[in-house]
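The values are calculated or read from the model by the stated rules, or taken from the named source; none is laboratory data. Note that the coordinates shown come from a computational prediction; the quantities given were computed from them, not determined experimentally. Virtual Cβ from ideal backbone geometry, glycine too; neighbours counted across all protein chains shown. SASA here: full protein model, heavy atoms, side chains in, ligands and nucleic acids out. Shrake-Rupley method; radii C 1.70, N 1.55, O 1.52, S 1.80 Å.
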Amino acid sequence: MLTIKDLYVSVEGKEILKGINLEVKPGEIHAIMGPNGSGKSTLANVLAGKEEFEVTSGEIIYEGEDLLELEPEDRAKKGIFLSFQYPVEIPGVPMVNFLKTAVNEHRKFRGEKEFTAGEFLKMMRQKEQLLDMNAHLTNRSVNEGFSGGEKKKNEIFQMALLQPKLGILDETDSGLDIDALKTVAHGVNALRTPENATIVVTHYQRLLEYIVPDHVHVLYNGKIVKSSGKELALELEEKGYDWIKQENGV
Amino acid sequence: MSVLVEKADLSLKYTGHYNDVKDLLTEGSSDILNSKRNKAFQDFVMQGIPTRKNENYKYTNLQPQFSPDYKFIHQREKTELDLNQAFRCDVPQLDTHLAFIFNGWYYEENRSVGQLPEGVILESLEKIAIEKPELLEKYAQLANTEEDPLVALNTTFAKDGYFLYVPKNTKIEKPIQLINFLQADKDAFSTQRNFVYIEEGADVKMIMCDHTLNLNSYLSNSVTEIFLGANAHLEYYSLQNQHNKTTSLNSVFIHQEKDSTATTLNSSLHGGLIRNNLKFILNGENAEANLFGMAFIDRKQHVDNFTQVIHAKPNCMSNQVYKNVLDDESTGAFAGRIHVVRDAQKTNAFQRNNNLLLTDSATMQTKPQLIIDADDVKCSHGATVGQIDEEALFYLRARGIDDKKARLMMMNAFAHEVIQQIKVEPLRDRIDELVDKRLKGEVARCHECAYNCEC
Ligand SMILES: Nc1ncnc2c1ncn2[C@@H]1O[C@H](COP(=O)(O)OP(=O)(O)O)[C@@H](O)[C@H]1O
Ligand SMILES: [Mg+2]
């Protein structure tokens, strides 16, 4: 589904990703862990198409296509979804309008009939239940005045509405209490199918108790320095990131 | 020819014109209007057409606007068009007391005003000034001819406009809608003078719509004086939708007594050069003034809003929010002056001006000015000039919304803060739609335009 080959990325002339290789197959869950500043969000944003990150070499193939050639909106419509680490507030853009527009853009792309307001609302209410979303949140502007936890839930709520093929969750667990974490994990698991895949970016192993990965990668200083099964997450939790740092000569 | 001579020539043109038409101006007009002309003319001669040296007109060069040879409309002209027929407001459910003003003159055959509550008068200013001069005792008291040359010129030429009187404790449920049309067989200069007297405890909503009906160039110079009694309430919406060969100069003065509230909301959708002067005098405790404005301009359009709020008594509140979206090479200006006089303690005065520049060649000048002579006051002002928030744009695009649509959503969001202040719901929905069309680059006119004014 996704193949990243020897990817180098810079921002403002500073090299951040230094040769990433990654292969994600349908049905898989990959966890990417690593200390702060190692480049996890950069990788996630490059996949979503953020322009300020400059790919200096390497390639990304998504479903047989050169992903780097696609605009962010086209990537989204082809099934890539980024749950942002820091979802931005957009005062004045009502949540409902935003969600309806996004869903209908996806439907149009797939050649399906656009939802009417009524149809959309009905569908939205169902997904709200799945994530135990407070209905009043969808009456506000996008993310405006949402708590940290509500913002994260809102990301997964959008994922539930858009049903991507490849979900990339960037630190979706940070800022969530244990109940919210369980709800979010439940939401993510409920959306799983044998055809779609998830990349979970996280700092802690906690979330991985609920969303169990097939592969765990450690990203450090712009490189994947370790890849293994889910046991790697536990090992990391035990030994801490200093272990990785020492192994990599810091 | 030096600039100085040219400038003097320009003012001379208008002073010369006054001498030519003096008799025409006084003819058929009332003593009260005529009695102000000479002094107003002297004040105009002293000030001349404003140049950018005039601090209040620093960002708007009016010299080129006053240069063309306009036809002056100093007498009521018969219109061939029956405005009642020609115009049907296409805002659904917008049920109003409707009256037309044609080239600055209150239309004689208004038939859509409908039944006004007892004692309310909506009429031609010229007529009231002759028949009931006692209602115009305060004429020209707010609009000071020494302070502004446009006001001086208006007072010199003033013959007609609308007059509105709302007696004590009268609430008018339906909005009063006044539609200004400009239509002449040549480029024309129109003068309009309005007077509104709202007594204690009365409650009124007004909607002003400005339109041009053909492609000639126009300069419209209007002055409106509004007196608001104690505990009276006013909502005043103005929708500027004229073509790009129009110069629209508007000076609105609002005088408030205690416990009164006034909200003005100005929406500039189209127009060549627009200058709005808005001056509030809060002259009684607990008076509240809200000043909202939004403008959407492109090409070489220019919009300049100049507000002044004078807190003359303690415990008053004023709140200003002006927002502009500027495209192409358009230029905009906002200058807001808040003056808290001595002893106007416990004043709350807020002001904000946010601007969205869609291109690198659009420019915006913004200048707050606080003059505070009391010590116990809360004042704040803030201005931003920026481009669309790239992070928010990316967020929308990452959800599958294309760049163009995402930008449109953000621009609508930007304007939304002002639009939501419109309390007349069908008007709000309609303006929402017009703004959306305007931002999409479609021509947004507020009625089915059968007049080919496609610029
Ligand atoms: N927009 C940016 N401009 C400059 N530096 C950036 C930018 N975004 C990220 N960085 C830098 O890139 C490095 C990796 O950041 P990031 O990908 O956010 O790490 P992580 O998500 O693993 O904590 C950090 O040193 C960070 O400061
Ligand atoms: Mg990060």
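Here are B:L150, B:L116, B:L135: which of them is modelled with pLDDT of 95 or more, of a type outside the set (V, I, T) and over 30 Å from B:N38 (Cβ atoms)? Let's see the steps before the verdict.
Working: B:L150 fails: over 30 Å from B:N38 (Cβ atoms); B:L135 fails: over 30 Å from B:N38 (Cβ atoms).
Only one candidate qualifies: B:L116.
For the range B:376-390, give me the residue count where each residue is open to solvent by 50 Å² or more (accessible area, probe 1.4 Å), more than 14 Å from chain A (Cβ to nearest Cβ) and of a type in the set (V, I, T).
Result for the range B:376-390: 1.
Out of all the residues in the range A:125-157, which are assigned to a helix (DSSP H, G or I) and under 30 Å from A:M1 (Cα atoms)? Before you say what the answer is, go through the steps one by one.
From the range A:125-157, those assigned to a helix (DSSP H, G or I) are A:125-130, A:135-139, A:148-157; that's our starting set.
Within the range A:125-157, A:Q126, A:K127, A:E128, A:L130, A:K151, A:K152, A:K153, A:N154, A:E155, A:I156, A:F157 qualify.
Cβ contacts < 6 Å: first residue touching a residue at least 24 places away in the same chain (Cβ under 8 Å) and among the small types (G, A, S), restricted to the range A:36-47; second residue near ligand 1 (Cβ under 6 Å from one of its atoms) and not in a helix (DSSP H, G or I), any location; separation 6+ or different chain. Result?
Once the first residue is touching a residue at least 24 places away in the same chain (Cβ under 8 Å) and among the small types (G, A, S) and sits in the range A:36-47, its partners that are near ligand 1 (Cβ under 6 Å from one of its atoms) and not in a helix (DSSP H, G or I) give A:G39/A:I16.
Would you call B:F189 more than 21 Å from B:E123 (Cβ to Cβ), part of a strand (DSSP E or B) and touching a residue at least 60 places away in the same chain (Cβ under 8 Å)?
Numbers: more than 21 Å from B:E123 (Cβ to Cβ): yes; part of a strand (DSSP E or B): yes; touching a residue at least 60 places away in the same chain (Cβ under 8 Å): yes.
Taking the combined requirement at face value, the residue satisfies it.
Among B:L408, B:L393, B:L439, which is within 14 Å of another protein chain (Cβ to nearest Cβ), touching a helix residue (DSSP H, G or I) at 6+ places or on another chain (Cβ under 9 Å) and in contact (Cβ under 8 Å) with a residue 60 or more places away in the chain? Outline the logic, then answer.
Numbers: B:L408 fails: in contact (Cβ under 8 Å) with a residue 60 or more places away in the chain; B:L393 fails: in contact (Cβ under 8 Å) with a residue 60 or more places away in the chain.
B:L439 is the lone residue from the list that is within 14 Å of another protein chain (Cβ to nearest Cβ), touching a helix residue (DSSP H, G or I) at 6+ places or on another chain (Cβ under 9 Å) and in contact (Cβ under 8 Å) with a residue 60 or more places away in the chain.
Looking at the structure I just gave you, is A:L121 part of a helix (DSSP H, G or I) and open to solvent by 60 Å² or more (accessible area, probe 1.4 Å)? Lay out the reasoning, then the answer.
On the way: part of a helix (DSSP H, G or I): yes; open to solvent by 60 Å² or more (accessible area, probe 1.4 Å): yes.
The answer is yes for A:L121.
Among the helices (runs of 4 or more DSSP H) lying completely within the range B:66-176, list those that include at least 2 residues that are surrounded by fewer than 20 Cβ atoms within 10 Å (Cβ to Cβ).
B:83-86, B:125-131
List, please: which pairs have Cβ atoms under 7 Å, are six or more places apart or on different chains, and start with a residue in the range A:195-209 that is away from every other protein chain (no Cβ under 14 Å) and end with one that is within 13 Å of ligand 1 (Cβ to nearest atom) and charged (D, E, K, R)?
Once the first residue is away from every other protein chain (no Cβ under 14 Å) and sits in the range A:195-209, its partners that are within 13 Å of ligand 1 (Cβ to nearest atom) and charged (D, E, K, R) give A:V201/A:K40; A:V201/A:D170; A:V201/A:E171; A:T202/A:E171; A:H203/A:E171.
Take the range A:128-142 and flag every residue that is among the basic types (K, R) and buried (at least 19 other Cβ atoms within 10 Å of the Cβ).
At the first step, the residues of the range A:128-142 found to be among the basic types (K, R) are A:140.
Of everything in the range A:128-142, nothing turns out to be among the basic types (K, R) and buried (at least 19 other Cβ atoms within 10 Å of the Cβ).
For the structure I just gave you, tell me whether B:R76 is out of contact with any strand residue (DSSP E or B) (no Cβ under 9 Å at 6 or more places or on another chain) and closer than 27 Å to B:I274 by Cα.
Working: out of contact with any strand residue (DSSP E or B) (no Cβ under 9 Å at 6 or more places or on another chain): no; closer than 27 Å to B:I274 by Cα: yes.
Spelling it out, it is not the case that B:R76 is out of contact with any strand residue (DSSP E or B) (no Cβ under 9 Å at 6 or more places or on another chain) and closer than 27 Å to B:I274 by Cα.
Scan the range A:127-150 and report the pairs whose first residue is closer than 18 Å to B:N412 by Cα and whose second residue is part of a loop (DSSP other than H, G, I, E, B) and at pLDDT 90 or above, with Cβ atoms within less than 7 Å and a gap of 6+ or a chain change.
Every condition considered, the pairs that remain are A:V142/A:E89; A:N143/A:P87; A:N143/A:V88; A:N143/A:E89; A:E144/A:E89.
Please enumerate the residues belonging to the range B:309-339 that are open to solvent by less than 40 Å² (accessible area, probe 1.4 Å) and part of a loop (DSSP other than H, G, I, E, B).
B:A312, B:P314, B:C316, B:S330
For the range A:158-172, which positions are in a loop (DSSP other than H, G, I, E, B) and more than 12 Å from ligand 2 (Cβ to nearest atom)?
Step one: list which residues in the range A:158-172 are in a loop (DSSP other than H, G, I, E, B), which gives A:163-165, A:171-172.
Hits for the range A:158-172 are A:Q163, A:P164, A:K165.
On the basis of being under 15 Å from the mean Cα position of the chain (by Cα), β-branched (V, I, T) and within 16 Å of ligand 2 (Cβ to nearest atom), does A:I80 make the cut? If you could, list the steps in order and put the result at the bottom.
Numbers: under 15 Å from the mean Cα position of the chain (by Cα): yes; β-branched (V, I, T): yes; within 16 Å of ligand 2 (Cβ to nearest atom): no.
Answer is no for this residue.
Need at least 1 residues that are within 16 Å of ligand 1 (Cβ to nearest atom), within 28 Å of A:L161 (Cα to Cα) and open to solvent by less than 30 Å² (accessible area, probe 1.4 Å) per element, so show me which strands (runs of 3 or more DSSP E) inside the range A:176-246 make the cut, counting only ones lying wholly within it.
Where strands (runs of 3 or more DSSP E) fall fully within the range A:176-246 and carry at least 1 residues being within 16 Å of ligand 1 (Cβ to nearest atom), within 28 Å of A:L161 (Cα to Cα) and open to solvent by less than 30 Å² (accessible area, probe 1.4 Å), they are A:197-201, A:215-220.
Okay, residues lined up against (1) closer than 25 Å to B:K423 by Cα; (2) within 14 Å of the chain's Cα centre (by Cα):
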site: B:H255; (1), (2): yes, no
site: B:S267; (1), (2): yes, yes
site: B:F280; (1), (2): yes, yes
site: B:F292; (1), (2): yes, yes
site: B:N305; (1), (2): yes, yes
site: B:Q308; (1), (2): yes, yes
site: B:S318; (1), (2): yes, no
site: B:A335; (1), (2): no, no
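Only one of (1) under 25 Å from A:T193 (Cβ atoms); (2) within 16 Å of ligand 2 (Cβ to nearest atom) fails for A:T42. Which number is that?
Unmet for A:T42, out of (1) under 25 Å from A:T193 (Cβ atoms); (2) within 16 Å of ligand 2 (Cβ to nearest atom): (1).
Rundown of residues vs (1) open to solvent by less than 20 Å² (accessible area, probe 1.4 Å); (2) farther than 24 Å from A:L43 by Cα; (3) within 16 Å of ligand 1 (Cβ to nearest atom), yes/no style:
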position	(1), (2), (3)
A:E144	no, yes, no
A:K151	no, no, no
A:Q158	yes, no, no
A:Q163	no, no, no
A:I168	yes, no, yes
